[in-house]
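Undergrad: Right, I'll just put the structure down here and ask away after.
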Amino acid sequence: MMEKMMMGALREKIWQKIHGEKILEVGVGTGKNFSYYPAKAITAIDFSPAMINEAKKKSQHLGVVVDP
């Protein structure tokens, strides 16, 4: 919660500058950027299988289609 309050506006500002139809997010972690994605085709990778699992849960909760 605290992270979103402190970083949410910055994430939104950064992601507004991203354009295109495809995104590759390397080091996706738990998917904190998912709600800011402007693209339709998203591929997310991470070294940690546990982080990928958390990111999958978050993408489903938000209704964002992300290819792992």
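Undergrad: Test of understanding: among Lys32, Lys58, Lys13, which residue is modelled with pLDDT of 85 or more, among the charged types (D, E, K, R) and open to solvent by less than 90 Å² (accessible area, probe 1.4 Å)?
TA: On inspection, the qualifying residue turns out to be Lys58.
Undergrad: Take the range 35-55 and flag every residue that is in contact with a Phe, Trp or Tyr (Cβ under 9 Å, 6 or more places away or on another chain), surrounded by 17 or more Cβ atoms within 10 Å (Cβ to Cβ) and either modelled with pLDDT of 95 or more or part of a loop (DSSP other than H, G, I, E, B) (or both).
TA: The one that is in contact with a Phe, Trp or Tyr (Cβ under 9 Å, 6 or more places away or on another chain), surrounded by 17 or more Cβ atoms within 10 Å (Cβ to Cβ) and either modelled with pLDDT of 95 or more or part of a loop (DSSP other than H, G, I, E, B) (or both): Tyr37.
The values are calculated or read from the model by the stated rules, or taken from the named source; none is laboratory data. Owing to the predicted nature of the structure, the values given are computational and were not obtained by experimental measurement. Counting neighbours? That spans all protein chains shown, and the Cβs are built from the backbone with ideal geometry, glycine included. Surface areas here come from the heavy atoms of the whole protein model, side chains and all, with no ligands, DNA or RNA. Shrake-Rupley method; radii C 1.70, N 1.55, O 1.52, S 1.80 Å.
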